[in-house]
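Asks: Input: one structure, supplied below.
Derivation of every value follows stated rules applied to the coordinates shown; laboratory data play no part. Values in this document were obtained by computation on a predicted structure and should not be read as measured data. Counting neighbours? That spans all protein chains shown, and the Cβs are built from the backbone with ideal geometry, glycine included.
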Amino acid sequence: MWAFVLFDLPNVTSIQKKAHVRFRNDLLQRGFIRLQWSVYARCYTSERSATAEKSQIERAVPTGGRVRMISVTDKQFERMVCVDSAKRGRVGPEKALGQILVV
């Protein structure tokens, strides 16, 4: 099972910027990887473990932030289409994740 966290956080004042970085770093410490600018994903062994962590992430959302969380199965994740306009081609999600992890 894959869990996705998609977020928009206010990022104008220095306090908001620090909260944004803190939230993003919290996701990284939890084992999430960045798929896109404000889209993070993590693979879980069960829905139960994903659900437990979702409540912790909810509590970590900074004031004024909008966060969406969604879970998909491995099979659904495999069907994700990734388009790389620089290479003018489609890339499988596992290949895209490999590129992200290397960066």
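Asks: Grab the Cα-Cα distance for ILE33 and SER71, subtract it from 0.36 nm times how many residues apart they are, and report the gain in nm with one decimal.
Replies: 12.2 nm
Asks: Shifting gears a bit: Provide, in order from the shortest bin, the percent of all Cα-Cα pairs of segment 2-102 in each 5 Å bin, continuing until the bin that contains the maximum pair distance.
Replies: 2, 11, 22, 23, 17, 14, 8, 3, 0
Asks: Charges at C-beta only: +1 for Lys and Arg, -1 for Asp and Glu. How large is the resulting dipole of segment 2-102 about its Cα centre, in Debye rounded to 20?
Replies: The dipole of segment 2-102 has a size of about 240 debye.
Asks: State, to one decimal in nm, how far the label point of GLU78 lies from the label point of SER46, with both points 7 Å from Cα in the Cβ direction.
Replies: Distance between the two pseudo-spin positions: 2.3 nm.
Asks: Restricting to lysines 8 or more places apart or on different chains, can you count the pairs in segment 2-102 with Cα atoms under 22 Å from each other?
Replies: 4
Asks: Which FRET efficiency value, to the nearest 0.05, do you get for VAL61 and LYS87 by plugging their Cβ-Cβ distance into 1/(1 + (r/R0)^6) with R0 = 25 Å?
Replies: Efficiency at R0 = 25 Å is approximately 0.10.
Asks: If you split all Cα-Cα distances of segment 26-83 into 5 Å bins from zero, what percentages do you get per bin, shortest first?
Replies: Per 5 Å bin, starting at zero, the Cα-Cα P(r) for segment 26-83 comes out as 4, 14, 27, 29, 16, 8, 3 percent.
Asks: For TYR44, list long-range residues whose amide hydrogen, built 1.01 Å from N in the peptide plane, is under 5 Å from its own amide hydrogen.
Replies: Those qualifying (amide H under 5 Å, at least 5 residues apart or on another chain) are TRP2, ALA3.
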